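Novice: The structure that follows is given in the form of structure tokens.
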Amino acid sequence: MSFFACLLPLLALVAWRDIATRTIPDAASVVFALVGIAIRLWIGPQALLLSLLSAALLFGILLFFFARGALGGGDVKLMSALALGMAPAAIWDFLVLTAAAGGVLGLTYLALSRLLPAHPARPATAGGLLARIGRVEAWRIRRRGPLPYGVAIAFGGAMILLRGA
């Protein structure tokens with residue numbers, strides 16, 4: 001397990017924040033980028049250069065999906081920032097794992113959209129933050145709102161980071 005894996009709690013926070021608000025904090029992407037650059041530089045200047053080039057290429061490709069509305073800006077920044085800390089060969093695995101997790105997430109939301117009643121019997125107003133987020137998420141699912149793709153990105157990133165790439 002690499003030192004980069006110590007940032008797993010931040011990935012969990014990013015996933016949670018994306019579920020709750022459909023936003024990914026820029027500060028999290030900056031932290032991942034800075035730690036990734038430091039680690040790749042520690043390995044050597046060539047490792048840093050290859051990671052910078054790979055992450056820049058990934059950023060360019062992801063911008064295409066952003067322009068088409070398939071990804072949010074936070075998703076693009078987070079994936080590119082995580083890629084900075086990975087060996088270039090691990091980026092493909094990261095993308096495959098993220099896409100697979102996104103597929104599971106999408107199928108889950110699709111199934112839930114069919115299982116949740118179109119109009120809840122009575123809107124619950126009590127409960128804490130977790131209960132309110134749950135109600136908002138159920139509403140988003142019913143109206144087939146955007147997926148919190150930060151969850152899939154966090155999963156893909158966590159798997160690669162735990163592997164030590």
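Novice: Given Cα pairs under 8 Å that are at least 6 residues apart, what percent is the relative contact order of the chain?
Specialist: Relative CO of the chain lands at 38 percent.
Novice: Another one. Going by alpha carbons, how many degrees (0 to 90, nearest 10) lie between the helix axis of 8-21 and the longest principal axis of the chain?
Specialist: Once rounded, the angle reads 40 degrees.
Novice: Take the Cα atoms of the chain, build their convex hull, and give its volume per residue in Å³.
Specialist: Cα-based convex hull of the chain, divided per residue, equals 106 Å³.
Novice: If the convex hull of the alpha-carbon atoms of segment 1-64 is projected onto planes in all directions, what is the mean projected area in square nanometres?
Specialist: Across all orientations, segment 1-64 yields a mean hull projection of 5.0 nm².
Novice: Something else: At 7 Å along the Cα-to-beta-carbon direction for both ALA67 and VAL104, put a label point, then send me their distance in nm to one decimal.
Specialist: Placing both labels 7 Å beyond Cα along the Cβ direction yields 3.3 nm.
Just so you know, all these numbers are worked out from the coordinates, no wet-lab data involved. In this text the structure is predicted, and so the values were computed from the model without any measurement. Don't worry about glycine lacking a Cβ; one is built from the backbone with ideal geometry, like all the others, and counts go over all protein chains shown.
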